[in-house]
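A short write-up of the structure that comes next.
Bear in mind these aren't lab numbers, they're just calculated from the coordinates by the rules spelled out. Since this is a predicted model, take the numbers as computed values, not measurements. Cβ placement follows ideal geometry from the backbone for every residue including glycine, while neighbour counts extend to all protein chains displayed.
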Amino acid sequence: MLYLLIFYFLFFSYLAYKKTNWSIYLIIAALPSYLIRFSIFGLPTTLLEIMILILFFIWLIKGTFSWADIKNNPFFWPITAILIFSIISIFTSPNLIKALGVWRAYFFEPLIFFFILTDRIKNPKQLHNVFWALGASAFYLSAIAIWQKFSGWNVPLAFLNPDGSVDRVVSVFGYPNALGLYLGPIIILFTGFLRQKTKSSWPRIIKFLIILLGLITILLAQSEAAIFTVVLIWLIWGMLYKKTRLYFFLIFLAGVIIFFSNPPINHFIIEKITLQDYSGFIRRLIWGETWQMLKHNWLFGAGLAGYQTAIAKYHLPTFEIFLYPHNIFLNFWSELGLMGLMSFLWLIISFIGKNLKAIFKGIKDKTSRPYANLNVTLIFVMIEIIIHGLVDAPYFKNDLSILFWLIIGIFVINKNIKIDQKN
């Protein structure tokens with residue numbers, strides 16, 4: 001294992017120096033590689049972290065970055081605020097060492113990758129390669145999950161039926177919802193990518209296949225929040241365009257008829273939406289306990305990696321203490337404090353606002369329309385993350401934090417490409 005890792009890091013270092021963009025694509029395609037864990041001089045790390053750090057040092061050595069470009073980033077100030085309050089939260093945490101590890105994995109490394117990405121990806125072809133790299137990760141995760149359904153390989157006992165058959169797939173992850181959290185945004189991104197015209201039919205076929213396999217996978221994982229969010233966005237998105245409006249309206253109408261004419265389906269959907277089932281009950285308990293904790297720690301929250309410690313005295317011993325409150329806003333409030341949550345909201349509002357501005361400009365200006373089509377996609381991707389995040393933790397995980405900043409970075413790249421094309 002040691003020799004394999006050394007060989008791989010030498011290869012990756014060479015790639016990052018000679019073909020920097022390809023090392024970026026490789027990192028994106030290998031986001032789940034954080035699951036490969038090891039220690040260097042006693043310090044725990046992951047394959048994903050080492051790749052990002054190697055890329056970062058080579059980026060610095062090659063000197064292609066500019067502080068002016070970083071300062072001119074459209075999200076510089078909300079990013080700065082998030083970074084400041086994340087650093088403060090290290091020192092308000094009950095576990096300094098663990099907080100440093102969380103900060104490194106969920107803020108420092110994703111942000112340096114974000115700045116490298118927006119510095120190096122400069123034209124439509126390179127941006128499309130970013131999409132394809134994400135699609136590659138979705139493809140192999142889905143392929144493994146579908147094979148897993150029939151083979152049972154690597155499925156934890158908790159997700160097997162009494163007869164030994166697979167109830168919920170997990171792919172390379174340890175739990176099914178990880179698939180929904182990762183694949184949901186990619187399915188929506190590729191839905192927009194599919195709308196792009198191509199000379200050959202093969203790219204569209206591959207895009208459709210990635211979407212289809214992703215959808216099958218979240219169904220097999222029974223990631224209800226991801227399924228609900230993806231279907232909801234597809235319905236809204238489909239009714240926005242004249243060519244598809246009638247079809248999606250008829251689908252919506254059929255769904256309404258089925259809902260009101262079939263009591264079991266009616267009861268099931270209402271139970272899920274109103275969180276009256278067991279998982280909803282647990283979430284409502286988690287949120288109640290978190291709210292009680294935050295009322296006494298409203299300014300600084302629990303600190304990075306401090307939630308399990310802070311929540312202990314408010315916790316009813318009816319279920320385990322989870323890592324996070326399973327709500328994106330409570331997650332940020334607990335981890336980064338009230339000002340960290342405000343900074344995160346600032347970023348989200350700014351992101352949606354800038355995309356909307358670009359869309360309205362595209363409506364008036366035909367030359368801006370191709371770029372505005374991507375802005376529509378990015379808004380829906382962010383909406384998917386937020387809606388799913390109402391009942392889960394779509395950021396505080398190695399791959400998900402980088403995926404989040406990747407979506408923010410795509411907007412910046414698209415904006416820069418548009419400016420360069422005009423010049």
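So which chymotrypsin sites (Phe, Trp or Tyr not before Pro) in the stretch 15-46 end up in coil per DSSP with only 15 or fewer other C-beta atoms within 10 Å? Write out the running numbers ahead of the final one.
On the way: sites: 17, 22, 25, 34, 38, 41; in loops: 41.
Counting only loop positions with at most 15 other Cβ atoms within 10 Å, the chymotrypsin sites (Phe, Trp or Tyr not before Pro) in the stretch 15-46 are 41.
Quote the charge dipole size of the stretch 85-422 about the Cα centre in Debye, to the nearest 20; the model charges only the Cβ of Lys and Arg (+1) and of Asp and Glu (-1).
Charge dipole of the stretch 85-422: 1800 debye, to the nearest 20.
What do you get for trypsin sites (Lys or Arg not before Pro) in the stretch 378-423 restricted to DSSP loop and a cutoff of at most 14 other Cβ within 10 Å of the site's Cβ?
The qualifying sites: there are none.
Over 20 Å between C-alpha atoms is what I'm after, so list which of 125/364; 242/366; 199/354; 125/397; 19/125 land there.
On the way: 125/364 26 Å; 242/366 18 Å; 199/354 30 Å; 125/397 29 Å; 19/125 15 Å.
Listed pairs above 20 Å: 125/364; 199/354; 125/397.
To the nearest whole percent, what portion of all C-alpha pairs in the stretch 1-129 is separated by more than 24 angstrom? It would help to have the intermediate numbers written out before the result.
On the way: 2930 of 8256 pairs.
Distances greater than 24 Å cover 35 percent of the Cα pairs.
Under a crude label model (7 Å from the Cα following the beta-carbon direction), how far is residue 80 from residue 349 in nanometres?
1.9 nm
What does the extension gain come out to for residue 277 and residue 364, with contour length at 0.36 nm per residue minus their alpha carbon separation? Let's see the in-between values first.
On the way: separation 87, 0.36 × 87 = 31.32 nm, distance 4.72 nm.
Length difference between fully extended and current span is 26.6 nm.
So what's the gap between the Cα centers of the stretch 235-281 and the stretch 92-158, to the nearest angstrom?
Answer, in whole Å: 31.
Calculate for the chain the 222 nm mean residue ellipticity that helices alone would give, adding -39,500 (n - 2.57) per DSSP H run of length 4 or more and normalising by residue count, nearest 500 deg cm²/dmol.
On the way: 18 runs with 302 residues, N = 423.
Calculated mean residue ellipticity at 222 nm is -24000 deg cm²/dmol.
Averaging over all projection directions, find the projected area of the Cα convex hull of the stretch 52-119 and quote it in nm² with one decimal place. Numbers along the way, then the final one.
Numbers: hull surface 19.2 nm².
Averaged projected area of the stretch 52-119's Cα convex hull equals 4.8 nm².
What translational diffusion coefficient, in µm²/s and rounded to a whole number, does the Stokes-Einstein relation yield for the stretch 257-390 at 25 °C and a viscosity of 0.890 mPa s, taking the hydrodynamic radius as the Kirkwood radius over Cα pairs?
Numbers: Rh = 17.6 Å.
Estimated via Stokes-Einstein, D reaches 140 µm²/s.
Between 137, 23, 279, find the one with the highest GNM mean-square fluctuation for the chain; connect C-alpha pairs within less than 10 Å.
Comparing 137, 23, 279 in a Gaussian network model of the chain, the most mobile one is 279.
Pulled fully out, how much extra length does the chain show between residue 309 and residue 198, if you take 0.36 nm times their separation in residues and subtract their Cα-Cα distance? Don't jump to the answer; show the numbers that get you there.
Working: separation 111, 0.36 × 111 = 39.96 nm, distance 5.28 nm.
Answer, rounded to one decimal: 34.7 nm.
Helix by helix, which DSSP H runs in the chain go 18 Å or more along their axis at the Cα atoms and have an average Kyte-Doolittle hydropathy of -0.5 or more? Intermediate results must be reported in sequence, preceding the final value.
Details: long enough: 2-18 (24 Å, 1.56); 47-62 (23 Å, 2.54); 76-91 (23 Å, 2.26); 124-151 (40 Å, 0.46); 177-194 (25 Å, 1.76); 202-220 (27 Å, 2.14); 224-238 (21 Å, 1.97); 242-261 (29 Å, 1.47); 278-296 (28 Å, -0.38); 328-364 (43 Å, 1.12); 369-389 (30 Å, 1.09); 398-422 (36 Å, 0.72).
Answer set is 2-18, 47-62, 76-91, 124-151, 177-194, 202-220, 224-238, 242-261, 278-296, 328-364, 369-389, 398-422.
Under a point spin-label approximation (7 Å from Cα along Cα-to-Cβ), what is the residue 9-residue 296 distance to one decimal in nm?
Modelled inter-label distance: 4.4 nm.
Can you tell which of 95, 21, 331 shows the greatest fluctuation in a Gaussian network model of the chain with Cα springs below 10 Å?
Result: 95 has the largest fluctuation of those listed.
First obtain the Kirkwood hydrodynamic radius of the stretch 317-362 from its Cα pairs, then insert it into the Stokes-Einstein equation at 37 °C and 0.692 mPa s, and state the resulting D in µm² per second as a whole number. Spell out each step's value before the answer.
Numbers: Rh = 12.6 Å.
After rounding, the answer is 262 µm²/s.
How large is the convex hull of the C-alpha atoms of the chain per residue, in Å³?
Details: hull volume 73.1 nm³, N = 423.
Cα-based convex hull of the chain, divided per residue, equals 173 Å³.
Can you figure out the FRET efficiency of residue 285 with residue 35, using R₀ = 45 Å and their beta-carbon distance, to the nearest 0.05? Don't jump to the answer; show the numbers that get you there.
On the way: r = 29 Å, r/R0 = 0.66.
Step by step, r from the Cβ atoms, then E = 0.95.
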